[in-house]
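The values are calculated or read from the model by the stated rules, or taken from the named source; none is laboratory data. What you see is a predicted model; the values in this text were computed from it and never measured. Here the Cβ positions follow ideal geometry from the backbone for every residue, glycine too, while neighbour counts run over all protein chains shown.
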Amino acid sequence: MHTPKVVEAFRKVERHLFIPQNLHAEAYADHPLPIGCGQNISAPHMVAIMTELLEVEEHSNVLEVGCGSGYQAAILSEICGKGGVVSVEYVPQLAERAGEKLRNLGYSNVKVVWGDGTLGYPEKAPYDRIIVTAAAPKIPKPLVKQLSEGGRMLIPVGGRQIQTLVEVSRIDGKILEKNHMDCVFVPLVGEEGWK
């Protein structure tokens, strides 16, 4: 990590608070951990890479697709400050758990929503930044539509085994794509994702 605001967010957000208690000994190991319902919390290095590439600003309106444990949403919340984070989770139990955890920790600028993240959350669009923390077979069109001018989205795209982390930007009305690196994420399930 190189960006001071990202480093500071990682210092403030304690990962062990977002994982099952029986895994606390592994909380700061650099690998994914199961959080229940067949889902994982991403490895810290991947959270750091995606957060840095996203370049969240203090007043950014951020959409996270795949709330999971709420850890990434907490990191984003620390950075966007006066902005806000909407985090959409497909698994109802995880959405409820993450929403409660984030509220209890005082993250008042985060709204956790249960729903199909491949469709985004039009009620709060457009978004300056969109981060997708599950792998899509293709870039969901509703997410691109909800990206603001000058906005940026990061999304793992590819097959079920390995994907490419893709940056999508809207510059002067044009949609630009840039591939960053190979990665491995759980499948993004939904109307515009895996069935």
Please pick out the residue among 33, 17, 23 that is more than 18 Å from the chain's Cα centre (by Cα) and aliphatic (A, V, I, L, M). 23
Filter result for the condition that a residue is more than 13 Å from residue 65 (Cα to Cα), buried (at least 19 other Cβ atoms within 10 Å of the Cβ) and either at pLDDT 95 or above or aromatic (Phe, Trp, Tyr) (or both), over 188, 154, 143, 165: 165
Listed by range, helices (runs of 4 or more DSSP H) wholly within the stretch 30-121 having at least 3 residues that are of a type in the set (Gly, Ala, Ser) and closer than 14 Å to residue 13 by Cβ are 71-80
For the stretch 174-195, indicate whether the set of residues that are under 24 Å from residue 5 (Cβ atoms), among the basic types (Lys, Arg), assigned to a strand (DSSP E or B) and more than 15 Å from the chain's Cα centre (by Cα) is non-empty. yes
Which numbered condition residue 153 misses (of (1) in a helix (DSSP H, G or I); (2) closer than 19 Å to residue 76 by Cβ): (1)
